[in-house]
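Single-structure report; data block below.
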Amino acid sequence: MNLSFFDQFMSPSLLGIPLILISLLFPTLLFPSPDNRWITNRISTLQLWFFQLITKQLMTPLNKKGHKWALILLSLMVLLLTINLLGLLPYTFTPTTQLSMNLALAFPLWLATLLTGLRNQPSIALGHLLPEGTPTPLIPALILIETTSLLIRPLALGVRLTANLTAGHLLIQLISTASTVLLPIMPAVSLLTTIILLLLTILEVAVAMIQAYVFVLLLSLYLQENI
Amino acid sequence: GPLSERPLLEVRLGELHTWISTCHFSAQGLLGAAQKAWNSYYAKYINVRRGGPAGISMLLAGYCLLSYSWNYQHFSKISCLGSH
């Protein structure tokens, strides 16, 4: 059994320039900044509509102080969405399959929400460690459990994104290898496998969008508790 | 006009080496050339009144081609799966 299925996640480099650099910079080309015109081109109009939709969705549950986070949450969402979806094109490299990148996105943002809460409203932030109505004998155990769940949040954020995308890409590669190998031997089974591959690709498009949304939604939830 | 002022597509093949010798090969010069190239692509295919999916699709196809060329050395070494 060859282990070359994991080679797609190694960051390839040509002449010393890694492809991950281009994969991270390419999404900026897809979102042009709008001109000062009244009526812009179609892509700017679509982009404006889409950004307003996301911002409204993310900012509605937050209070006024939380609206300062609008820019970073919006740009994070758009970045993750674009990177995930671009990774589904053939031969492209997906930076969010690298655990290092996802942890680098999750840790600082989670820590920022935690420190905001501890600095501005420390008793409320610590009060989240004990749910209301807990029976008294259970209090020490529950505080330990809640602290653990608090500290594990950035790991969960990063690993969730990595695992979902990596698993999806691996499945696509495995099933397409199977259908290619089966084509001269049993064409009917190969056709069935190709249909499964088509369904899987549709699933992967959905997963790419959902995972980006979940990452940013959870961050906004952590922010809601602390601001 | 003078040779250094003309854009690349208007330079004839025989004059190419002269044109290259007039470009500024510094980091700033290359960045300026890349920005000019992107702006002319954007103005021609995307920033039009009734644009369609073609402008962005060509960009994505170019990105796929670029990724292919970046990975070429790697998968040219993988032995063909069909040969048993």
Quick one: count up the residues across the stretch A:83-94 that are part of a helix (DSSP H, G or I), closer than 19 Å to A:P18 by Cα and either within 14 Å of chain B (Cβ to nearest Cβ) or open to solvent by 50 Å² or more (accessible area, probe 1.4 Å) (or both). 2
If the requirement is being within 9 Å of another protein chain (Cβ to nearest Cβ) and open to solvent by 100 Å² or more (accessible area, probe 1.4 Å), which of these qualifies: A:I39, A:I22, A:I43, A:I17? A:I39
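Rundown of residues vs (1) outside any helix (DSSP H, G or I); (2) open to solvent by 30 Å² or more (accessible area, probe 1.4 Å); (3) within 14 Å of another protein chain (Cβ to nearest Cβ); (4) touching a strand residue (DSSP E or B) at 6+ places or on another chain (Cβ under 9 Å), yes/no style:
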residue: A:Q173; (1), (2), (3), (4): no, yes, yes, no
residue: A:L199; (1), (2), (3), (4): no, yes, no, no
residue: A:L203; (1), (2), (3), (4): no, yes, no, no
residue: A:I210; (1), (2), (3), (4): no, yes, no, no
residue: A:V216; (1), (2), (3), (4): no, no, no, no
If I go through the stretch A:149-175 residue by residue, how many of them are charged (D, E, K, R) and more than 14 Å from A:N84 (Cα to Cα)? 1
What number goes with the only condition from (1) facing chain A (nearest Cβ under 8 Å); (2) surrounded by 11 or more Cβ atoms within 10 Å (Cβ to Cβ); (3) modelled with pLDDT of 80 or more that B:H74 does not pass? (3)
Looking at the stretch B:17-42 only, could you name the residues that are at the interface with chain A (Cβ under 10 Å from one of its Cβ atoms) and either of a type in the set (A, V, I, L, M, F, W, C) or loosely packed, with under 10 Cβ neighbours inside 10 Å (or both)? B:W38
Filter result (more than 9 Å from chain A (Cβ to nearest Cβ) and in contact with a Pro (Cβ under 9 Å, 6 or more places away or on another chain)) within the stretch B:43-70: none
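The values are calculated or read from the model by the stated rules, or taken from the named source; none is laboratory data. Keep in mind that this is a model prediction, so the values were computed, not measured. Glycine also receives a Cβ, built like all others from the backbone with ideal geometry; neighbour counts cover every protein chain displayed. Each accessible area value is taken on the protein alone, full model and side chains, heavy atoms only, with ligands, DNA and RNA left out. Shrake-Rupley method; radii C 1.70, N 1.55, O 1.52, S 1.80 Å.
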